[in-house]
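Working notes, beginning with the structure itself.
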Amino acid sequence: MLKEPLRKAISELGFKEPSPIQKEAIPLILQGKDLVAQAHTGTGKTAAFSLPILDLLQFEREVEALILVPTRELALQVSEEVFKLGKYLRVKTATIYGGSSYSRQLRHLKTANVAVATPGRLLDLLESGRAELNPRFVVLDEADEMLDMGFLEEIEKILSYLPTNRQTLLFSATMPKEVKELAKKRLHSPTFISLSTQKVTTQNVKQFYYVVEEKERDEALTRLLDYKEPKKGIIFCRTKLETRRLEEYLTLQGYSTKALHGDIPQRQREESIKGFKGGKYELLIATDVAARGLDISDVTHVFNYHIPFDPQSYVHRIGRTGRAGRKGEAISLVTPHEFKQLLKIKKVVGDDLINQKIPTFSEVKDQKRKLLTQKILSTPIASEAIEMLNLLESQTDLSTISLKLLSLILKKPSSKKKPFNKEVPKKRKVKRRTTPLHQV
């Protein structure tokens with residue numbers, strides 16, 4: 001049983017039932033055991049390790065708990081969640097990451113109970129002697145991501161600066177050999193929680209793939225965007241150049257988009273993510289590196305413009321949707337040349353990855369009408385609408401009013417109905433189609 005201040009915070013945040021990873025992890029952590037858990041972002045893992053740690057804090061020393069994460073974005077998000085969960089305990093957090101003021105971070109570190117840090121900046125502080133930590137709890141969050149980003153050496157060095165009589169918790173979406181070796185080397189007789197990758201990735205996410213030719217990618221993507229009408233979607237590309245080109249192309253097609261890649265300055269990245277979270281942009285076009293650590297709970301769709309080279313990256317990508325109990329869709333464009341990569345992914349996620357055909361123009365049109373009908377029926381009636389209806393009824397009959405209003409809506413120009421063969425500026429052109437997509 002957690003302390004009452006924690007239960008109060010949990011209730012205020014709207015959590016009613018613990019997730020599977022929380023049910024398994026929290027009792028083990030409270031028992032003082034080292035833990036290795038396979039848990040994808042969005043399954044409630046932050047609360048799974050934060051709640052028992054907060055419950056066990058003694059508030060007798062600086063930084064009782066250290067949480068290592070791969071990216072600045074994730075550091076900020078984890079720190080915010082820990083702060084919210086521990087607010088009635090008056091928990092203080094410090095967020096340590098590169099590109100920000102040393103003096104401010106060191107000042108916060110001196111008064112913090114929990115520190116959330118990226119490996120590079122933290123190791124810098126430890127090696128320079130500017131910071132000294134003696135935590136009772138250490139969490140390695142998104143361990144596979146940290147190792148993929150080349151942080152193994154930094155993590156090893158950081159752990160060498162910390163006391164050996166600590167409780168260490170390792171969380172990872174996938175369990176490659178390197179993660180298992182790190183756990184074996186640095187944890188004390190850990191308990192393993194292994195939620196199957198299939199269970200983690202497909203529980204709330206419907207997965208589809210569409211076979212297209214290479215030259216059809218752009219048109220297939222816009223057709224699917226028109227058909228699916230995502231409220232908030234992330235499109236994954238392989239390269240920075242591809243994200244920029246696709247941002248330009250989709251903007252011309254009338255979509256509100258923002259590209260996210262490694263060359264964008266940190267401040268601009270944060271502004272883009274904030275804009276996407278707040279609904280300023282409906283589509284975020286990102287590389288894998290740029291999207292690491294993104295924790296946005298209401299992403300409805302993930303699109304793989306190109307499928308990734310390995311199954312682990314696929315698991316991480318589609319984990320951006322279907323979060324916090326919500327439903328999501330993962331949509332991948334695949335060429336015949338990419339079938340080997342697709343088969344590798346299917347071995348990991350199983351039969352839940354389903355082949356479908358690109359919708360025809362007629363199907364897109366019918367879907368838009370269906371969605372518009374649902375929107376009309378679910379729209380609450382405003383008082384101004386009643387006044388206007390009374391005014392119109394004095395001039396014509398109700399049936400004519402309805403038909404004229406529907407005609408007005410259907411005739412309204414849609415920014416998403418620009419032709420597929422629209423030219424992209426700066427000499428990048430989308431070729432005119434001489435033959436339609438196979439499925440039309």
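Hey, among LYS368, LYS346, which residue is among the basic types (Lys, Arg), surrounded by 15 or more Cβ atoms within 10 Å (Cβ to Cβ) and within 26 Å of the chain's Cα centre (by Cα)?
Going through LYS368, LYS346 in turn, the sole match is LYS346.
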Subset of the range 218-250 (residues that are of a type in the set (Val, Ile, Thr) and surrounded by fewer than 18 Cβ atoms within 10 Å (Cβ to Cβ)): THR239
At pLDDT 80 or above and either assigned by TED's automatic domain parsing to the domain that holds MET175 or not in a loop (DSSP other than H, G, I, E, B) (or both), is that true of LYS340? yes
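Just the residues that are under 24 Å from GLU247 (Cα atoms) and either of a type in the set (Gly, Ala, Ser) or free of Cβ contacts under 8 Å to residues at least 40 places away in the same chain (or both), please, taken from the range 323-344.
GLY328, ALA330, SER332, GLU338
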Of all residues in the range 24-57 being in contact (Cβ under 8 Å) with a residue 60 or more places away in the chain and within 16 Å of ASN165 (Cα to Cα), the one that is surrounded by the fewest Cβ atoms within 10 Å (Cβ to Cβ): GLY32
Determine which single condition ALA382 fails, assuming it passes every other condition in (1) surrounded by fewer than 13 Cβ atoms within 10 Å (Cβ to Cβ); (2) closer than 27 Å to ASN304 by Cβ. (2)
Hits in the range 110-168 - residues which are among the hydrophobic types (A, V, I, L, M, F, W, C) and in contact with an Asp or Glu (Cβ under 6 Å, 6 or more places away or on another chain): LEU123, LEU147
State all residues of the range 36-75 that are under 22 Å from PRO18 (Cα atoms), outside any helix (DSSP H, G or I) and modelled with pLDDT under 90; if no residue qualifies, say none. GLN38, ALA39, HIS40, THR41, GLY42, THR43, GLY44
Residue under question is LYS365, and the condition is that it be in contact with a strand residue (DSSP E or B) (Cβ under 7 Å, 6 or more places away or on another chain), closer than 30 Å to LYS228 by Cβ, in a helix (DSSP H, G or I) and not hydroxyl-bearing (Ser, Thr, Tyr); does it hold? no
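The values are calculated or read from the model by the stated rules, or taken from the named source; none is laboratory data. Quick caveat, the model's predicted, so the values are computed rather than measured. Positions of Cβ are backbone-derived with ideal geometry, glycine not excepted, and every protein chain shown enters the neighbour counts.
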